[in-house]
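Enquirer: Handing you a structure now.
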Amino acid sequence: MTSKLLEIEGTWEEILQQGDQFKGHRIKITILDQEDSITTPEASFRQAWQDIKEGKVRPISELWDGIDAE
């Protein structure tokens, strides 16, 4: 029998709010760097907009360049 894994992400406070549903289960915690942890759609949009303003994006026409298998 294979167990289904559940992956959740959020701040410690957000995870604690869901604590009752995890009682009796084994838990594995991975601490993410603060800059790697975008927890809301608004934060994700802000980060993407900042990347655009700083020129940290590539044209969509180049998105798949170099990944063709031979």
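Since every read-out is calculated from the coordinates, none of them should be taken as a lab result. Keep in mind that what you see is a predicted model, and the values were worked out from it rather than measured.
Enquirer: Is the chain best put as rounded, prolate or oblate by its Cα gyration tensor, with a ≥ b ≥ c the root eigenvalues, rounded for a/c under 1.5, and otherwise prolate when a/b is larger than b/c, oblate when not?
Expert: oblate
Enquirer: While we're here: Could you derive backbone 3J(HN,Hα) for region 6-16 from the dihedral phi with the Karplus parameters 6.51, -1.76 and 1.60 (θ = phi - 60°), listing whole Hz in sequence and x where the residue is Gly or Pro?
Expert: 10, 10, 10, 9, x, 6, 4, 4, 5, 5, 4
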